[in-house]
Structures are given as C-alpha cells and as structure tokens.
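Asks: Just dropping this structure here.
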Amino acid sequence: MTDGLSNPHSPYVGRWVARLRGKVIAQGDTPEQALHASQQSRHKERPEIIFMFPLPPLVKKVMDVLPPDQEIYLVGGAVRDLLLSRPSPDFDFALPANGIPLARKVANALGADFLPLDDERDTGRVIVTNEDGSRAYLDFAVYRGENLTADLRGRDFTINAIAYNLRDGAIIDPTEGGKDLRAKIIRACLPTSLFDDPVRILRAVRLAAALDFHIEKNTRELMKQSASELGRISPERLRDEIFKMLSGPKPDACMRALEMLGVFTYLMPELSAMKGVAQSEPHMFDVWTHTLSVLDYLDQTISALKVGYDAEKTNDMFTGLLGLRLGRYREQIAKHFAEPLNSDRSLRSLFFFAALYHDVCKPETKTVEESGRIRFFDHEERGAEVAAKRLRSFNVSNDEVERARTIVKNHMRIHAFADRLERDKQTPSRKAIYRFFRDSGQAGIDLVLLALADVRATRAHALTVESWTVHLDIARILLENYFERPEEVVSPPRLLDGNILMRELGIKPGPAVGQLLESIRENQAAGKIETLDQALAFAREELAKTQ
C-alpha cells in the first residue's frame with residue numbers, strides 16, 4: 001500500500017487524505033476538508049478521499065495471513081472506534097464467502113482458538129488470548145445480503161455501518177455514518193432496524209452513553225414503538241446489553257433513558273414501581289431518583305479510588321476526603337474488581353446491578369407512621385430475593401446470584417455502624433466486624449463502596465463533612481481489618497473441628513456443635529480466645545449453661 005496506509009509512523013495516520021494515482025495530495029480533519037484542500041491545486045481532478053487508519057497490530061497480523069486476492073472488509077464497531085481514535089478489543093470482518101474456513105486459517109496462523117459461530121451464516125470466530133489474560137475476538141462473516149452495501153444498510157446504526165477495505169484503504173459508507181460520527185448522532189440505518197432486532201434499543205442507549213452521542217429524534221420514536229418487541233429477544237442477549245451498560249460510563253443515564261423509553265415494562269418491570277415513591281428525611285429524593293443518584297455516586301467513588309487517580313482532578317471536597325482516607329487501598333480494590341465471577345461479565349457490572357436493585361422493594365414495604373415518618377421494614381431482605389430472581393431469569397451463574405443477593409441483603413448494616421458512631425461515638429467491635437464479613441465475605445468490599453455512594457445520594461447537598469467523615473471512618477475500619485488483619489478479626493484460623501469438640505466434650509452430633517464452633521470463632525475475632533485449651537474451656541462453660 002502506498003503513502004503509509006497501514007504504517008503507524010505515517011504523518012497522515014488518523015487524518016483524511018485526498019489521493020490521486022496513489023499519491024497523497026491533501027489532508028484534513030474531515031473528508032470535506034481534505035477534498036477542499038485538494039481542489040486548491042487540482043481543481044479539475046476528482047481525488048479519492050480516504051481515512052488513514054492507525055491499524056491495530058492484531059489487524060495487521062490478519063492481513064499478513066490473507067490470500068493476495070481475498071476480498072475482505074473491516075466493519076462495524078471497530079471501524080467506528082478507529083475513526084474516533086478509540087481502542088477496540090474486538091474486530092468484525094465481512095467477506096463474500098468462506099467465513100468459517102478463513103477464520104480457521106487465521107486462528108491456526110495466530111496460534112489462537114477457533115469457534116464456528118454460525119454455520120448457517122458461515123461465521124467463524126477467532127479468540128486471541130493476550131499475555132495479561134484478556135481476550136480479543138475476531139469474527140469473520142459472509143455478507144448478510146447480496147453484497148457489502150446491502151450488508152451495511154441492514155445493520156443497526158449508521159455509525160456502525162461503515163466498512164474499511166483492508167486492500168486499498170477505501171471507506172465504504174452507504175448510510176453516511178461518517179457524517180453522523182462527526183455530528184455525534186446515533187441514527188437507525190432503516191425505519192425497520194429497531195423492529196428487526198429490538199435489542200438494538202438497548203444498544204443505542206449504551207452507545208450514546210459510551211460515546212457521549214445524541215440519539216436522533218426519529219430513532220428515539222422508533223425505539224419507543226419497538227419496545228414491546230423485546231419479549232421475543234433471548235434473556236442472554238438482553239442481559240449482555242444491560243451488563244455492558246452497567247459496566248460502562250454513565251450507568252445512571254442509561255437506566256434513566258430506559259425508564260423514559262418505557263423499556264422496563266418488558267425488561268425489569270419491578271424497577272418501574274420505584275418511581276415517585278416518597279421517602280422521609282434525611283432522604284432528599286424519591287426512591288427511583290435516589291437509586292439513579294446512587295449509581296452516579298458509585299461510579300464517582302470507584303473512579304476516585306482507581307490506581308493512578310489524580311486527586312488534583314477534583315474540586316469536590318468529599319471526593320478529596322475519600323482519597324485521603326481510603327486511597328491506601330487502591331491496589332486491593334483494583335484487584336477485587338479484576339477477579340470476576342464469570343469470564344464473560346465484569347464484577348463491576350454485577351455490582352452495579354445490585355446497586356440498581358438495592359431499594360427495589362421499598363415500594364411494597366412502605367409504611368407511614370402517625371408522625372408522618374415513612375418506613376421500609378425488611379426492604380433489604382425482600383429486595384435481595386427480587387434481585388436474585390431477576391438475575392436467574394437472565395441466566396447468570398449461581399455465584400453471581402449469591403453475590404448480588406448478599407449485597408442487597410446487607411446494604412443497611414454499614415449505615416447502622418455509622419449511626420452508632422455518629423450518635424454514641426462507638427466504633428464497631430471486633431466481634432461485629434467479624435460477623436459483618438462472615439455474612440458478606442468478599443462482597444464486604446462492595447458493601448463499603450455502596451454505603452458511601454448511598455449516603456451521598458441520600459443526603460445530597462445536605463450531607464455535612466462531619467457525617468461524611470463518620471462514614472469514611474467506618475469504611476476505613478472495615479477495609480483495614482479485611483485487608484490488613486484478616487487472620488486476627490475477619491477469618492481467624494480454626495483451632496478445632498467438630499470431631500475434636502464432640503470427643504473432648506462427650507457430646508453427640510447436632511446443631512449445638514456448629515453453634516459452639518461459631519461462638520469460638522467469634523471470640524477468637526474478639527481477642528478472647530487464642531489457644532485450643534481456651535477454646536475447649538469456653539465450650540465447656542457454654543455447654544454447662546444449657547444443661
């Protein structure tokens with residue numbers, strides 16, 4: 001290829017250029033600028049306008065494997081992201097025929113895994129595992145339609161309907177997606193695009209948040225009209241889009257958009273009931289607005305505790321205090337979120353799902369006292385079951401269901417710790433800390449972060465520095481014990497098992513054995529038992545009380 005079309009060191013990479021007979025004669029930030037610049041010197045000739053892609057190394061490796069005469073195009077989101085100078089982990093390729101055989105050939109050449117994704121549509125997938133354990137997916141599919149143009153017109157949105165010819169660098173853009181990219185607009189390719197595949201409704205919302213784009217008015221109307229068709233989409237596809245939203249930027253804006261589009265009725269109907277449900281002070285918002293605010297503050301909290309976060313980026317005093325008090329645990333928190341319960345979904349997305357559902361049962365548990373105070377007794381326990389039921393309907397793993405259930409069920413406990421410290425100046429005891437992590441396990445880290453987001457969303461502008469400091473103190477105490485003193489308080493080593501206990505005390509198997517073992521562990525955490533002899537003496541005293 002001439003003029004450094006795939007050369008990362010070319011001066012034209014990332015620019016639109018005008019090319020005549022293989023030579024670059026002008027350049028610009030947009031196709032229009034490149035054309036206008038070329039006409040200054042070659043006004044009688046019509047140059048070829050192309051974008052000089054900074055092709056990723058993985059795509060270049062694919063190009064090296066291709067037969068010389070292979071017709072093939074990079075298409076979809078990868079082209080969109082390259083045009084926006086955004087990294088793209090996955091690459092889709094379109095070709096006239098033999099998608100599966102070519103995918104197998106590429107996989108063999110790269111030493112990667114191969115998967116025949118769709119025999120009927122002749123689509124094969126190459127899975128490349130990187131040194132850090134992350135994966136990249138390369139899909140090779142034959143045209144969905146009689147030719148490439150028909151394939152592109154049948155896609156979801158114009159910004160995803162652009163193709164890049166790997167042979168000559170030409171851009172094929174039959175729906176003018178390039179213009180929509182520059183205008184930051186998400187527009188359906190066809191009036192039937194949303195009805196043909198209603199999951200595109202969710203994808204439009206996710207893309208708008210991820211790219212900071214605006215959904216075109218007519219497309220929004222098509223989304224509303226097609227919302228009722230979501231019922232014919234598989235739970236797995238719906239789940240994947242929702243979790244991608246919750247894992248990406250602006251999760252609160254995504255959920256707000258879905259509610260406004262009327263999507264929850266066909267997706268997660270239990271969420272709609274939260275809208276307009278009033279709450280007593282110190283709450284500043286109704287349940288739904290509060291929930292959206294929690295998602296926003298949770299996003300901010302996790303961002304402020306990322307490794308390498310620049311504290312000078314914020315002028316917010318509360319975020320600054322957060323970094324000062326908890327910044328020492330950035331690496332441990334990063335490691336926590338880097339260990340998902342399912343390789344296909346991030347732990348962050350599951351965490352945000354739990355946050356979305358943490359108050360889901362407030363509407364059905366609402367009571368109003370004679371004083372006018374509004375209460376929501378047992379909303380956390382009932383909400384945990386509702387969240388678990390919804391996750392099971394989305395076919396997630398049992399581990400993911402249990403993690404979310406644990407978060408929702410226990411989300412009020414840290415507030416109780418904070419209330420006691422603020423009111424009585426009493427910090428959690430070692431036994432209370434043990435019980436908290438006994439019941440929450442690794443979800444205890446999530447609960448700490450959720451509580452911080454929850455209190456900010458609850459009190460909003462009325463939150464005082466004193467109250468915020470109290471919550472940060474509780475968070476620090478819990479994280480300090482979890483990360484720095486696990487064997488002392490969180491999970492003390494077992495001094496004996498049930499068999500030893502039954503033999504030494506002369507008792508038979510039964511619930512009392514388990515109760516005694518747990519009491520011993522609690523007192524270990526409290527620092528009252530350190531040896532086997534002390535454990536047995538304690539057990540004998542407890543047993544004597546019941547006889």
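Here, each number is a calculation from the coordinates, and none is a lab measurement. Source: prediction; values computed, not measured. No Cβ is skipped: glycine too gets one built from the backbone with ideal geometry, and neighbour counts run over all protein chains shown.
Asks: Could you please state, rounded to a whole Å, how far the C-alpha centre of region 290-313 is from the C-alpha centre of region 165-225?
Replies: Value for the Cα centre distance between the two parts: 29 Å.
Asks: So what are region 421-546's ellipsoid semi-axes, whole angstrom, largest first, if each one is the square root of 5 times an eigenvalue of the alpha-carbon gyration tensor?
Replies: So the three semi-axes of region 421-546 are 37, 13, 13 Å.
Asks: For Leu35 and Ala170, what is the calculated FRET efficiency with R₀ set at 22 Å and r taken between the beta-carbons, to the nearest 0.05?
Replies: My answer for the efficiency is 0.90.
Asks: Turning to a different aspect of this structure: Arranged by the count of other C-beta atoms within 10 angstrom, fewest first, what order do Leu298, Leu82, Leu211 take?
Replies: If I rank by nearby Cβ atoms, fewest first, I get Leu211, Leu82, Leu298.
Asks: Would you mind working out the magnitude of the charge dipole of region 189-267 relative to its Cα centre, with +1 at each Lys and Arg C-beta and -1 at each Asp and Glu C-beta, to the nearest 20 Debye?
Replies: So the dipole magnitude of region 189-267 works out to roughly 80 debye.
Asks: Which entry in (i) 27.3, 96; (ii) 28.8, 106; (iii) 23.2, 77 is this structure's computed Rg and Dmax of the Cα atoms in Å?
Replies: Comparing each candidate, only (ii) matches the computed number.
Asks: As I understand it, the value is the acute angle between the Cα axis of helix 443-459 and the longest principal axis of the Cα atoms of the chain; what does it come to in degrees, rounded to 10?
Replies: 80
Asks: What is the Cα coordinate range of region 231-274 on the first, second and third principal axes, sorted by size from largest, in whole angstrom?
Replies: For region 231-274, the Cα spread along each principal axis is 27, 23, 15 Å.
Asks: Across region 57-183, what fraction of all alpha-carbon pairs, as a whole percent, falls in each successive 10 Å bin from zero upward?
Replies: For region 57-183, the binned pair fractions read 13, 46, 34, 7, 0 percent.
Asks: What relative contact order, as a whole-number percentage, does the chain give when Cα pairs under 8 Å and 6 or more residues apart are counted?
Replies: 8
Asks: Put a dot 7 Å past each Cα toward the Cβ at Arg237 and Glu364; how far apart are the dots in nm?
Replies: For the pair Glu364/Arg237, the computed spacing is 2.9 nm.
Asks: What is the percent of Cα-Cα separations in region 189-267 that go past 16 Å?
Replies: Here the long-distance tail beyond 16 Å is 43 percent of all Cα pairs in region 189-267.
Asks: Next question, about the same structure. Using R₀ = 56 Å, calculate the FRET efficiency as 1/(1 + (r/R₀)^6) where r is the Cβ-Cβ separation of Lys184 and Ala526; round to 0.05.
Replies: Step by step, r from the Cβ atoms, then E = 0.45.
Asks: Report the one residue of His358, Ser346, Ala387 whose Cα lies farthest in the direction of the positive end of the charge dipole of region 340-415 (charges on C-beta: Lys and Arg +1, Asp and Glu -1; origin at the Cα centre).
Replies: It is Ser346.
Asks: Any idea how far apart His461 and Asp439 come out in nm if each label point goes 7 Å out from Cα toward Cβ?
Replies: Result: 3.6 nm between the two label points.
Asks: A further question follows. When the Cα centres of region 481-522 and region 373-443 are compared, how far apart do they sit, in Å?
Replies: 24
Asks: On to the next question. Principal axis lengths of region 130-206 from Cα atoms, whole Å, largest first?
Replies: Sorted largest first, the three principal extents are 43, 32, 27 Å.
Asks: By how many degrees, 0 to 90 and rounded to 10, does the Cα axis of helix 430-440 deviate from the longest principal axis of the chain?
Replies: On a 0 to 90 degree scale, this one is about 40.
Asks: OK, next. For region 281-490, what relative contact order do you get, as a whole percent, if you take Cα pairs closer than 8 Å and at least 6 residues apart?
Replies: Computed value for region 281-490: 26 percent relative contact order.
Asks: At a 10 Å Cβ-Cβ cut-off, how would you order Trp16, Trp468, fewest neighbours first?
Replies: Least to most surrounded, the residues fall as Trp468, Trp16.
Asks: For region 361-419, state which trypsin sites (Lys or Arg not before Pro) are in a DSSP loop and have at most 16 other beta carbons lying within 10 Å of their beta carbon.
Replies: Here the trypsin sites (Lys or Arg not before Pro) that fit, given the DSSP loop and packing criteria, are Arg373.
Asks: Straight distance only, please: which lysines reach the Cα of Lys184 with their own Cα at less than 25 Å, same-chain residues fewer than 8 apart left out?
Replies: Lys217, Lys224, Lys244, Lys250
Asks: I would also like to ask the following. Report, in deg cm²/dmol and to the nearest 500, the calculated mean residue ellipticity at 222 nm for the chain, where each DSSP H run with n ≥ 4 adds -39500 (n - 2.57) and the sum is divided by the residue count.
Replies: -15000 deg cm²/dmol
Asks: While we're on this one: Could you tell me the calculated FRET efficiency between Glu339 and Glu45, based on Cβ-Cβ distance and R0 = 56 angstrom, to the nearest 0.05?
Replies: 0.45
Asks: Could you check the spin-label model distance between Arg121 and Asp399? Points 7 Å from the Cα along Cα→Cβ, value in nm.
Replies: If labels sit at Arg121 and Asp399, their model points lie 3.0 nm apart.
Asks: Follow-up. Run the numbers on region 57-183 and let me know its relative contact order in percent, using alpha-carbon pairs under 8 Å that are six or more apart.
Replies: Relative CO of region 57-183 lands at 25 percent.
Asks: Could you tell me what a quarter of the Cα convex hull surface of region 498-545 works out to, in nm² with one decimal place?
Replies: The number I arrive at for region 498-545 is 3.0 nm².
Asks: Sticking with this structure for a sec: Quote the charge dipole size of the chain about the Cα centre in Debye, to the nearest 20; the model charges only the Cβ of Lys and Arg (+1) and of Asp and Glu (-1).
Replies: With Lys and Arg at +1 and Asp and Glu at -1, about 500 debye.
Asks: Follow-up question, since we're still on this one. Rounded to whole Å and ordered largest first, report the semi-axes of the equivalent ellipsoid of region 76-129 derived from its Cα gyration tensor (root of 5λ).
Replies: 21, 14, 9
Asks: For region 308-363, what is the convex hull (Cα atoms) projected area averaged across all directions, in square nanometres?
Replies: 5.9
Asks: Rg and Dmax in Å for region 167-223, alpha carbons only: what are they?
Replies: Radius of gyration, then largest Cα-Cα span, for region 167-223: 12.3, 39 Å.
Asks: Okay, moving on. Could you give the angle, 0 to 90 degrees to the nearest 10, between helix 199-211's Cα long axis and the longest principal axis of the Cα atoms of the chain?
Replies: Between helix and principal axis, roughly 90 degrees.
Asks: Return Glu331, Glu259 ranked ascending by Cβ neighbour count within 10 Å, so the fewest neighbours appear first.
Replies: Fewest-to-most Cβ neighbours within 10 Å comes out as Glu331, Glu259.
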